Each structure stands twice: as structure tokens, then as C-alpha cells.
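Please treat every number below as a calculation from the coordinates, not as lab data. Since the structure is predicted, the reported quantities are computational estimates derived from the model, not experimental observations. Methodologically, a virtual Cβ is constructed for each residue, glycine included, from the backbone with ideal geometry; neighbour enumeration extends over all protein chains shown.
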Amino acid sequence: MFRTELAADRRAPRKELAHEEAAEQRDLLVARHQESEALDLAGDPDHPPVEVGDHLWVARYLLMRLCEVCDAVGDLDGAISVAQQLLQADPLQEQVHRRLMRLYLRQKRYDTALRQFDTLRGILSQELGITPDAETNEMAAEIRRLRRAPGGDTAGKATIAAKEEAASRP
């Protein structure tokens with residue numbers, strides 16, 4: 001049942017949230033994450049047996065949503081912190097590395113964003129023997145270009161943000 005609710009929540013259209021609504025949603029997601037860690041649903045007759053992998057899936061989903069909400073309300077440091085937690089749990093999540101690169105870009109931390117790309121490239125090479133996908137490579141190239149541009153390039157930043165938004169839609 002909980003997984004069905006999460007799937008329905010994922011299909012909901014992503015609109016810009018009002019600051020207050022987003023803050024409430026962030027608080028709700030934090031509470032859900034804490035509950036998912038604290039509850040032993042296997043002993044609850046109202047819930048079907050939950051495998052360990054399901055707990056991990058729920059926790060990762062809630063953390064990703066929390067990252068999105070923090071980003072939506074402009075809490076970039078909070079979004080970065082959550083993304084880093086996600087990567088500690090699973091460093092192979094390329095989409096989280098991209099989100100982190102974009103968050104650093106929004107803070108004009110170009111070198112940090114490129115270090116994140118280098119970290120991803122090293123992890124993928126060492127663990128899987130592959131390179132980042134084309135979207136991630138394009139983002140890194142755009143960040144390099146923005147780093148060299150005097151005063152920053154708002155059109156380039158908008159392009160990266162639009163690509164990231166499109167990629168995050170189900």
C-alpha cells in the first residue's frame with residue numbers, strides 16, 4: 001500500500017511549490033523518513049511483510065523527495081546535505097551526482113561541481129568500468145564553459161536547470 005502511494009506521488013505533476021507549502025512538505029518527508037527507519041512493519045498486522053530492500057527503497061525515495069523540496073524552497077545547503085547522504089548510501093546514483101553538480105552550480109561553486117563530476121567518473125570507472133552518460137558529460141562541459149565566462153552565463157545555467165528538470169520527470 002505504501003509503495004502504491006509513493007508511486008502515485010511520483011506521478012503527480014511537479015509544479016513550483018509555494019514556500020510555505022514546500023516547507024510543510026519537507027517536514028512531512030522528514031517525518032516519513034524517520035518513521036520508515038523506526039517502524040518494524042513486519043510485526044504490524046495492517047501492513048504486509050516488508051523486506052529489508054523495501055525499507056531501503058522507501059528511505060532513498062524519501063531522501064530524494066526531501067532533496068527536491070529543499071531545492072524548491074531555496075534551501076540549497078539542505079538539498080546538498082541530503083544529496084550527499086544519498087551518495088554515501090549508494091555512490092553509483094548518477095542522477096544524484098548530477099543534482100549535486102547543479103546545486104553547486106546554483107551556488108556558483110563551479111570547481112566543486114567539477115570535482116563532483118570527477119568523483120562520479122572515478123567511481124563509475126572503478127566499480128563498473130563505464131563512463132558517465134552523455135547528459136552528465138554535457139553538464140560538466142557546460143559548467144567548464146560557465147566557469148570561464150566572465151560574470152557567469154545565466155542562459156547556460158537555465159539550460160542545465162531545464163535539462164535536469166526534464167530528466168527528473170517520470
*Pop a pseudo-label 7 angstrom from the Cα along the beta-carbon direction at both N137 and R115 and give the gap in nm to one decimal.*
2.5
*Sorted peptide list for 73-83, 140-150, criterion being average Cβ within 10 angstrom, highest first*: 73-83, 140-150
*Please turn the phi angles of the stretch 86-93 into ³J(HN,Hα) values with the Karplus equation 6.51 cos²θ - 1.76 cosθ + 1.60 (θ = phi - 60°), one per residue in order, whole Hz, x for glycine and proline.*
4, 6, 5, 6, 8, x, 8, 7
